[in-house]
Amino acid sequence: MKRFFTLLLAVLMVLSLSACSQKPADGGEETAATGSVYYLNFKPEADESWQAIAATYTEQTGVPVKVVTAASGTYDTALQNELSKTSPELTLFQLTNDGAVATYGDYCADWNGTDAYDLMTTHAFDLTKDSKTLGIGYCYECFGIIVNKALLKEAGHDISEITNFETLKAVAEDIHSRAAELGFDAFTNAGLAPSSSWRFTGHLITLPLYYEGITAKGEIKGTYLNEYKNIWDLYLNNSATDPVANNTAGDEAEAEFGNKKAVFYQNGSWEYSALTGTYGLSADDLQMIPIYCGHEGEEKAGLCSGTEAHWALNNLAKPEDIKATVDFVTWLVSSEEGTKMMAKEFGPIPFKNAAEPENVFFAQANALLAAGNYNVDWAFNYTPAVDDFRAGLVTALQSYAVDGDWSVVENAFVNGWNTLYAQEKQ
């Protein structure tokens, strides 16, 4: 009986999505959606913008749009709670990578044939399975080391000095040694609280994985973990935070950088809005540089660019709510109001009517590529059992900060990864 009910819902969903892309035969306006939209937002830093754009859409169309933002580090739990409801209101949610498709793919409707899908300029980063598009990559992001060039100059250095790990290390150690007289330090804290640890157990692991050549799920060797150690040690030893007591939150690191207490801050393009808006930093003073780690030839490295941002439609929602959600997304990526918000929060979006972003980090990423630098692809997307792997690595990094035994980190990284991958294959 349960199987029959699931199949019936699937049929209704397909019919409703087909209707989303059909235009009236007389060329007139489509009938406004009668359903509602409920989006579970993945990014806390964009909550204010999501609330504002939802209100604008409701004001213009009368369609209710609810945006709920999961607290940092709790998205999977929030999503599971929503999807487990007998009559779910949730219509739109986030998929990060192929691992998320394996977990949530059965809940995802197919975007193919919808107006939103047809407005896209590339489908290179979409998440697909069995010829179905379960997640559309709605933005492309980059991460690296954000630099306050004004503070760097105040410390007697120029960003042109930094071309690899050796030069980054020399500048950072000099600033850290004079932190008391300068009034600021080299790096923000390398916090391992859940709201911050993803920067190091997710984003930072891209470096050893990328240089090992990881381009799909599989076992790893950990050949370049020394590069990971290089940059991690640099963070720990050149910050105002005691390396042993580094269980600090993500907003604390952001505040350190935003309040001009640190020159360097590992994070991504999504921080632009908070840094220039909330903290009032000048865009002219901000530059994102590659995460140098001591790998041979890294002078030609670019930023780490890719996406974990994919919209997914909940196929358990009511057909009219799915249609309303597709209509909302279509408006979001094609209207003046929607594209302006998307450009501000997420940078360049892969849709035909995309607005030009003000975010300087994207211009810097493009400039590096235009100069012939290689893109550091998001190899961390291939992490098996993401939450379990990252939890194990956090524990190992905390242990290393206390006793200095790097072999614990190597074990958590390589054996932890390979064990979880083997389990995932079963």
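The values are calculated or read from the model by the stated rules, or taken from the named source; none is laboratory data. Bear in mind that the values here come from a model prediction, so they are computed numbers and not experimental data. Don't worry about glycine lacking a Cβ; one is built from the backbone with ideal geometry, like all the others, and counts go over all protein chains shown.
Structure above, values below:
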| item | result |
| --- | --- |
| Whichever residue in the range 270-301 is in a helix (DSSP H, G or I) and of a type in the set (S, T, N, Q) and, among such residues, is farthest from Lys43 (Cα to Cα) | Thr276 |
| Matching option when the condition is at pLDDT 95 or above and within 16 Å of Gly144 (Cβ to Cβ), among Ile289, Ile322 | Ile289 |
| Failed item in (1) in the same structural domain as Tyr75 (by TED's automatic domain parsing); (2) surrounded by 16 or more Cβ atoms within 10 Å (Cβ to Cβ); (3) out of contact with any helix residue (DSSP H, G or I) (no Cβ under 6 Å at 6 or more places or on another chain); (4) of a type outside the set (Phe, Trp, Tyr), with Ala116 passing the rest | (3) |
| Selected residue (criterion: farthest from Lys344 (Cα to Cα)) from residues of the range 282-307 that are aliphatic (A, V, I, L, M) and surrounded by fewer than 21 Cβ atoms within 10 Å (Cβ to Cβ) | Ile289 |
| The range 212-261, residues that are under 22 Å from the mean Cα position of the chain (by Cα), farther than 18 Å from Asn418 by Cβ and in a helix (DSSP H, G or I) | Ile231, Trp232, Tyr235, Gly250, Asp251, Glu252, Ala253, Glu254, Ala255, Glu256, Phe257, Gly258 |
| Residue within the range 278-288 that is out of contact with any His (no Cβ under 7 Å at 6 or more places or on another chain) and either farther than 24 Å from Gly183 by Cβ or not assigned by TED's automatic domain parsing to the domain that holds Val171 (or both) present | no |
| Search result, residues across the range 317-332 that are surrounded by fewer than 24 Cβ atoms within 10 Å (Cβ to Cβ) and part of a loop (DSSP other than H, G, I, E, B) | Lys318 |
| Residues of the range 114-162 classified as over 22 Å from Lys43 (Cβ atoms), touching a Ser or Thr at 6+ places or on another chain (Cβ under 6 Å) and hydroxyl-bearing (Ser, Thr, Tyr), total | 1 |
| Close pairs (8 angstrom Cβ cut-off, 6 or more residues apart or separate chains): surrounded by fewer than 17 Cβ atoms within 10 Å (Cβ to Cβ) in the range 33-60, hydrophobic (A, V, I, L, M, F, W, C) and part of a strand (DSSP E or B) anywhere | Asp47/Val67; Gln51/Val67; Ala55/Val65; Thr58/Val65 |
